[in-house]
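These notes are about the structure you will find just below.
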Amino acid sequence: MTGDGAAEGLDLSKYDEEQVRLMSEMCILLDENDKAIGAASKKHCHLMENINKGTLHRAFSVFLFNSQNELLLQQRASEKITFPDCFTNTCCSHPLAFAAELEEKDQLGVKRAAQRKLEHELGIPPEQVPLDKFKYLTRIHYLAGSDGTWGEHEIDYILFIKADVQVNVNPNEVQSYKYVSMEELKDIISTADEKGIKITPWFKLIDTSFLYKWWAQIDDLDKVVDQDTIHRLL
């Protein structure tokens, strides 16, 4: 396991207490081929000081669609340490370094983490998003700074799921949410800068490179699955 090195003494007192607590969760460290090579705290993994030295971890991005094929977006809470107030896809987080979420067969570890975080962030009951309903499409590898201190460097598993769900947001995680059609999302993205709307960098990358062709096949996703590739969006 990896410690926080020179950044160990970083003062987190200005941040939200619950978000600081979550920074102690242990993420899965990777090599560039998505092989698990160890574990390190969420804090360690998200400090640009460590990212600039090559620290890379596993993540997932969930895109949840209702029966009208509308995508559920969330706006991250102001309390978030990385990318606060940004709009993004339904749920973005990390499998943790324990046995159930390390399991790689059929991406079960990532899917379990997705189910766990959909409940934690959005209050979606696990039975409404069963593991076998998640469709793993592909992986993206990206790096993005949040500010001078924090950032992301992830291999991100893309998970689609179609389900009508009950949403009861955790306000410490999510400040707002909305369902959007494809055309509505295109308008949000294209006018975000002029309207002062902040979008997470991974969501921008996925929107630009892949999202609409995937969305167009929401009822026949096997046509767009590319499970062996890691797309390097660096």
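The values are calculated or read from the model by the stated rules, or taken from the named source; none is laboratory data. Only a predicted model underlies this, so the values are computations on that prediction, with no experimental measurement involved. A quick note on method: Cβ atoms are made from the backbone with ideal geometry, for glycine too, and the neighbour counts reach across all protein chains shown. When the accessible area is computed, the model is the full protein with side chains, heavy atoms only, and any ligands, DNA or RNA have been set aside. Shrake-Rupley method; radii C 1.70, N 1.55, O 1.52, S 1.80 Å.
Tabulated data
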quantity	calculated
Spin-label pair Glu103/Lys195, simplified geometry with 7 Å Cα→Cβ offset, distance in nm	4.1 nm
Listed residues Gly109, Gly151, Gly54, most fluctuating in the chain (Gaussian network, C-alpha, under 10 Å)	Gly54
For Glu103, distant residues with modelled amide H under 5 Å away	Gly109
Ser209-Lys178 FRET efficiency (beta carbon distance; Förster radius 22 Å; 0.05 resolution)	0.45
Residue among Pro84, Pro201, Pro130 with the largest mean-square fluctuation in a Gaussian network model of the chain, springs linking Cα atoms under 10 Å	Pro130
Partners for Lys133 among lysines (Cα-Cα distance below 24 Å; same-chain residues under 8 apart left out)	Lys105, Lys111, Lys117, Lys162, Lys178, Lys213, Lys223
Built amide H within the under 5 Å cut-off of Gly38, gap 5+	Leu29
Contact order relative to length of the stretch 75-203, as percent, for alpha carbon pairs under 8 angstrom and 6 or more apart	29 percent
Inter-probe distance in nm under a simple model that places probes 7 Å from Cα toward Cβ, at Asp31 and Asn66	4.6 nm
Within the stretch 112-234, percent of DSSP bridges classed antiparallel, to nearest 5	75 percent
Percentage relative contact order, the stretch 124-181, counting C-alpha pairs under 8 Å, at least six apart	36 percent
Calculated from backbone phi, Karplus (6.51, -1.76, 1.60) coupling profile of the stretch 15-26 in Hz, x at Gly/Pro	9, 4, 4, 5, 5, 5, 4, 5, 5, 8, 4, 9
Vicinal HN-Hα couplings computed from phi for the stretch 143-148 (Karplus, 6.51 cos²θ - 1.76 cosθ + 1.60; Hz; Gly/Pro x)	9, 8, x, 9, 8, x
Residue-normalised accessible area of the chain, expressed per residue, 1.4 Å probe, Å²	44 Å²
Between 0 and 90°, nearest 10: helix 108-122 axis offset from the chain longest Cα axis	80 degrees
Summed residue charge, Cβ within 15 Å of Ile37's Cβ, Lys/Arg positive, Asp/Glu negative	-2
The stretch 191-198 - phi-based ³J(HN,Hα) in whole Hz, Karplus 6.51/-1.76/1.60, Gly and Pro as x	10, 4, 4, 5, 8, x, 8, 8
Carbon plus sulfur fraction of accessible area for the chain, probe 1.4 Å, in percent	47 percent
